1. Can you find a residue that is of a type in the set (Asp, Glu), in contact with a strand residue (DSSP E or B) (Cβ under 9 Å, 6 or more places away or on another chain) and open to solvent by 20 Å² or more (accessible area, probe 1.4 Å) anywhere in the range 74-93?
2. Of all residues in the range 156-175, which are among the β-branched types (Val, Ile, Thr) and surrounded by fewer than 19 Cβ atoms within 10 Å (Cβ to Cβ)?
3. Determine the pairs where a residue that is surrounded by fewer than 14 Cβ atoms within 10 Å (Cβ to Cβ), located within the range 176-196, has a partner that is of a type in the set (Ser, Thr, Tyr) and at pLDDT 95 or above with Cβ atoms under 8 Å apart, the partner being 6 or more residues away or on another chain.
4. May I ask you to list pairs of residues, at least six apart or on different chains, whose Cβ atoms are under 6 Å apart, with the first in the range 32-56 being more than 19 Å from residue 161 (Cα to Cα) and open to solvent by less than 50 Å² (accessible area, probe 1.4 Å) and the second being among the polar types (S, T, N, Q) and in a helix (DSSP H, G or I)?
5. Tell me the residue from 116, 130, 147 that is modelled with pLDDT under 95 and either more than 20 Å from the chain's Cα centre (by Cα) or assigned to a helix (DSSP H, G or I) (or both), please.
6. Restricting attention to the range 135-144, does a residue exist that is crowded, with 19+ Cβ neighbours inside 10 Å, in contact (Cβ under 8 Å) with a residue 40 or more places away in the chain and either among the charged types (D, E, K, R) or not in a helix (DSSP H, G or I) (or both)?
7. Does residue 205 satisfy being open to solvent by 20 Å² or more (accessible area, probe 1.4 Å), within 17 Å of residue 8 (Cβ to Cβ), out of contact with any strand residue (DSSP E or B) (no Cβ under 9 Å at 6 or more places or on another chain) and at pLDDT 95 or above?
8. State the number of residues belonging to the range 95-134 that are open to solvent by less than 50 Å² (accessible area, probe 1.4 Å), under 17 Å from residue 191 (Cα atoms), free of Cβ contacts under 8 Å to residues at least 60 places away in the same chain and not small (Gly, Ala, Ser).
Amino acid sequence: MNAKVIVATHKTYRMPTDPMYVPVHVGAEGKPSLGYIGDNTGDNISLKNKNYCELSGLYWAWKNLDADYLGIAHYRRHFSIRPKKDKWNSILSEKELMPLFSDCDVVLPKPRDYFIETNYSQYAHAHHAIDLDTTREILTEKYPEYIPVYDDYMKRTIGHRFNMFIMKRDVLNRYCEWLFDILFELEKRLDISQYSLNDSRVFGFVSERLLDVWLEKNAIQYKEIPCMFMEKQNWIVKGFKFLVRKLTRK
């Protein structure tokens, strides 16, 4: 049994040394090589990266990597079950990962709780509510059995973020089939021509809200472990921006 976790990156950066990790240059099509494998090889959606973010790397891994367990991390964010002072020696190893799957199918980062915002309102204040509304329309048409879970999830304040996870291969196959079917349809229906550079990453943002819906509807057993930021985070600034969005965006 073996695991592969891609590390999605758009620039040269320090990478984990455990052979489980596969650095992948996302959005590689038409860009100078970083020395990592590009998401523009094999079956890929590299050209969609500016709107799909790290999902172009997930799609590449799904279509082109052979492993019993597949996952995705980010060059500045990694899983860790034993945080140490030296972060780079704290990154989850394959040896640490395997026992986690003894009684679950998915490993996730610990969720975020927005407390004063629901999953829906937080997204609407940060981006465009129509993104989630149109996603719901697609679910109603293609996967109506997911609507009760979707509606309930949007009323909650807690959710998993970052598009980070490690899954058993068969579970990942099922999830990606469902996820990209929805996102490709959403891409056809949304007009994002006037979106800001950040909001145009819409399909990556929406997928963060779909993960929990799929897991819950399919009764997938998962474990949560810490997500470690490799660079210093200014939580005061982040919190201030969060409040500004809530108070100023309708």
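The values are calculated or read from the model by the stated rules, or taken from the named source; none is laboratory data. Quick caveat: nothing in here was measured; it's all calculated off a predicted structure. Here Cβ is always computed from backbone atoms with ideal geometry, including for glycine, and neighbour counts include all displayed protein chains. To get the accessible areas, we keep the full protein, side chains included, count just its heavy atoms, and leave off ligands, DNA and RNA. Shrake-Rupley method; radii C 1.70, N 1.55, O 1.52, S 1.80 Å.
1. The answer is no, given that none of the residues of the range 74-93 is of a type in the set (Asp, Glu), in contact with a strand residue (DSSP E or B) (Cβ under 9 Å, 6 or more places away or on another chain) and open to solvent by 20 Å² or more (accessible area, probe 1.4 Å).
2. 157, 158
3. Every condition considered, the pairs that remain are 189/134.
4. Between residues of the range 32-56 that are more than 19 Å from residue 161 (Cα to Cα) and open to solvent by less than 50 Å² (accessible area, probe 1.4 Å) and residues that are among the polar types (S, T, N, Q) and in a helix (DSSP H, G or I), the close pairs are 39/46; 39/56; 45/56; 46/56.
5. 116
6. The answer is no; no qualifying residue exists.
7. In short, yes.
8. 1
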